[in-house]
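Below is one structure, written out as structure tokens, with a few remarks after it.
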Amino acid sequence: MNEVFPWREAPKADFAVIGYPIHHSLSPKMHAAAFEAAGLSASYVATEVPPGEVGSALDHLRSLGYRGVNVTVPHKEDAFRWCESTTDVSTRLRVCNTIDLERRHGTSTDGQGFAASLADIELDGKQAVVLGAGGSTRSILEALLKDGWHVSLWNRTKSKAEALILDFGFDVTLLDEPNLLGANLIVNTTSASLSGERLPLDWDEVLTPADALAYDLAYGAGLTTFLKDAQSWGIQTMDGRKMLMEQGAAAFEFWWGLPAPREAMLAALQ
Ligand code: ATR
């Protein structure tokens, strides 16, 4: 657990992650390890920002001399609105998870992190099923489509998936049921894992389990229910740690213009 500062009581530091709640964020540990490995003298703290206070909190951290922040749930859209300029991907997706405070310049490294986490994985085909239509889903869809995947999208509340597709013009197939037939990659972007709930999936629809990957954006101690179920069907599994590291590495590179020490960052998450 992090030492957490309410944003009004933030200490003098260089970087922060803002979110609500923020106690369990691994970003402080990961970025401290990165700074140390890169020989940079900088500090990184966890700052709690309740909903509705993002703009004031970012103004405050900026006035304290913070150089940059990472932004996590549920603030990525408010953070985008605070920025004066954003990178292309951030502008397209209307979210920001990384900000250069001085320039009020933001970006979104989630999609890049997700794509990088899959870079070494070889699967039999390019059929993906994405589950969920929450805050992180848009970055995942954008990254998959950019990488040439055929994507089907299912969400418990279908209208939310529909709205997501319309809002961003994603070229994906909308599913009524979470049909896994022929899927090579199944990405769980829902928060069901966080509450230990099971999604209504028929894993036996995955025809070539050994050549398929079940990917849960969540992570924690041990496998999530989603990954345990997939594993019991002989499907490869991956949790959200590598994506967390890769999005953090991209944030590090955005702030410092130096290559991120990825191994040290990943080691800090184990
Ligand atoms: P938000 O929707 O406010 O952005 P989120 O935590 O990013 O919040 O998204 C939660 C996602 O997990 C949603 O897609 C949600 O589905 P609904 O849109 O139907 O609410 C999904 N989710 C959470 N618990 C779930 C469960 N038990 N089964 C299926 N989907 C679940």
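The values are calculated or read from the model by the stated rules, or taken from the named source; none is laboratory data. Model, not experiment: these values are computed from the prediction. Counting neighbours? That spans all protein chains shown, and the Cβs are built from the backbone with ideal geometry, glycine included.
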Inspect the range 203-216 for any residue being near the ligand (Cβ under 10 Å from one of its atoms) and at pLDDT 95 or above and give the result as yes or no.
no
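Looking at the range 191-202, which of the residues that are touching a Ser or Thr at 6+ places or on another chain (Cβ under 9 Å) and closer than 15 Å to W154 by Cα is farthest from the ligand (Cβ to nearest atom)? I'd like the intermediate steps shown before the answer.
First, pick out the residues of the range 191-202 that are touching a Ser or Thr at 6+ places or on another chain (Cβ under 9 Å): 192-194, 196-199.
Remaining after also requiring closer than 15 Å to W154 by Cα: 192, 198-199.
Values: A192: 4, R198: 8, L199: 5 Å.
Taking the candidates together, the pick is R198.
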Starting from the range 146-171, take each residue that is without any contact (Cβ under 8 Å) to a residue 24 or more places away in the chain and list its partners that are loosely packed, with under 14 Cβ neighbours inside 10 Å and not hydroxyl-bearing (S, T, Y), counting only C-beta distances under 7 angstrom and pairs at least six apart or across chains.
G148/K126; K158/D176
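Filter the range 115-146 down to the residues that are of a type in the set (S, T, N, Q) and in a helix (DSSP H, G or I) and list them by number.
Filtering the range 115-146 down to residues of a type in the set (S, T, N, Q) leaves 117, 127, 136-137, 139.
Hits for the range 115-146 are S117, T137, S139.
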Among the candidates A16, A42, A32, which residue alone is surrounded by 15 or more Cβ atoms within 10 Å (Cβ to Cβ) and in contact with a Lys or Arg (Cβ under 8 Å, 6 or more places away or on another chain)?
A42
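Which of the strands (runs of 3 or more DSSP E) contained wholly in the range 159-270 include at least 3 residues that are farther than 30 Å from A37 by Cα? Spell out how you get there, then give the answer.
Working: elements: 185-188, 213-216, 236-238.
It comes to 185-188.
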Pairing a residue in the range 71-84 that is over 19 Å from T190 (Cα atoms) with any residue that is within 14 Å of the ligand (Cβ to nearest atom) and β-branched (V, I, T), where Cβ atoms lie under 9 Å and the two sit 6 or more apart in sequence or on different chains, gives D78/V71; A79/V71; A79/V95; F80/V71; F80/V95
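Any chance you could count how many residues in the range 173-194 are within 30 Å of L269 (Cα to Cα) and more than 18 Å from the chain's Cα centre (by Cα)? Before the answer, list the steps.
Applying the first criterion (within 30 Å of L269 (Cα to Cα)) to the range 173-194 yields 183-194.
Checking which are more than 18 Å from the chain's Cα centre (by Cα) leaves us with 183-184.
Total satisfying the criteria: 2.
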Name the residues in the range 212-270 that are out of contact with any Ser or Thr (no Cβ under 8 Å at 6 or more places or on another chain) and polar (S, T, N, Q), would you?
S232, Q236, T237, Q270
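Is the range 103-126 home to any residue that is in contact with a strand residue (DSSP E or B) (Cβ under 9 Å, 6 or more places away or on another chain), within 16 Å of the ligand (Cβ to nearest atom), closer than 26 Å to L175 by Cα and not aromatic (F, W, Y)? Give the steps one after another, and end with the answer.
Kept after step one, since they are in contact with a strand residue (DSSP E or B) (Cβ under 9 Å, 6 or more places away or on another chain), are these residues of the range 103-126: 103-109, 114, 117-118, 121, 123, 125-126.
Within this subset, residues satisfying the condition of being within 16 Å of the ligand (Cβ to nearest atom) are 108, 114.
Checking which are closer than 26 Å to L175 by Cα leaves us with 114.
Among the residues that remain, those that are also not aromatic (F, W, Y) are: none.
Within the range 103-126 (the criterion being in contact with a strand residue (DSSP E or B) (Cβ under 9 Å, 6 or more places away or on another chain), within 16 Å of the ligand (Cβ to nearest atom), closer than 26 Å to L175 by Cα and not aromatic (F, W, Y)), the answer is no, since none of the residues qualifies.
Please report, ordered by residue number, the helices (runs of 4 or more DSSP H) entirely within the range 1-94 with at least 2 residues that are more than 22 Å from the chain's Cα centre (by Cα).
On the way: elements: 27-37, 54-63, 76-82, 88-93.
Correct list: 27-37, 54-63.
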Considering only the range 96-103, I want to know if a residue exists there that is closer than 23 Å to L141 by Cα and in a loop (DSSP other than H, G, I, E, B).
yes
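Select from the range 30-40 the residues that are more than 16 Å from T72 (Cβ to Cβ) and either in contact with an Asp or Glu (Cβ under 9 Å, 6 or more places away or on another chain) or in contact (Cβ under 8 Å) with a residue 12 or more places away in the chain (or both) and list them in ascending order. Break it down stepwise before answering.
Our first condition is that a residue be more than 16 Å from T72 (Cβ to Cβ); within the range 30-40, this holds for 32-40.
Those that are more than 16 Å from T72 (Cβ to Cβ) and either in contact with an Asp or Glu (Cβ under 9 Å, 6 or more places away or on another chain) or in contact (Cβ under 8 Å) with a residue 12 or more places away in the chain (or both): A32, A33, A34, F35, E36, A37, A38, L40.
From E53, E102, which residue is touching a residue at least 40 places away in the same chain (Cβ under 8 Å), surrounded by fewer than 20 Cβ atoms within 10 Å (Cβ to Cβ) and under 18 Å from G19 (Cβ atoms)?
Numbers: E102 fails: under 18 Å from G19 (Cβ atoms).
Of E53, E102, the one residue that is touching a residue at least 40 places away in the same chain (Cβ under 8 Å), surrounded by fewer than 20 Cβ atoms within 10 Å (Cβ to Cβ) and under 18 Å from G19 (Cβ atoms) is E53.
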Name every residue in the range 122-138 that is at pLDDT 95 or above, farther than 14 Å from N188 by Cβ and not charged (D, E, K, R), in order of residue number.
Q127
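So which residues in the range 103-128 are within 20 Å of S27 (Cβ to Cβ) and not small (G, A, S)?
Initially, the range 103-128 is screened for residues within 20 Å of S27 (Cβ to Cβ), giving 105-117.
Listed by number, the residues that qualify are H105, T107, T109, D110, Q112, F114.
Go over the candidates L141, L181, L164, L201 one by one and state the one that is buried (at least 17 other Cβ atoms within 10 Å of the Cβ), among the aliphatic types (A, V, I, L, M) and closer than 20 Å to L123 by Cα.
Numbers: L181 fails: buried (at least 17 other Cβ atoms within 10 Å of the Cβ); L164 fails: closer than 20 Å to L123 by Cα; L201 fails: closer than 20 Å to L123 by Cα.
Among L141, L181, L164, L201, only L141 is buried (at least 17 other Cβ atoms within 10 Å of the Cβ), among the aliphatic types (A, V, I, L, M) and closer than 20 Å to L123 by Cα.
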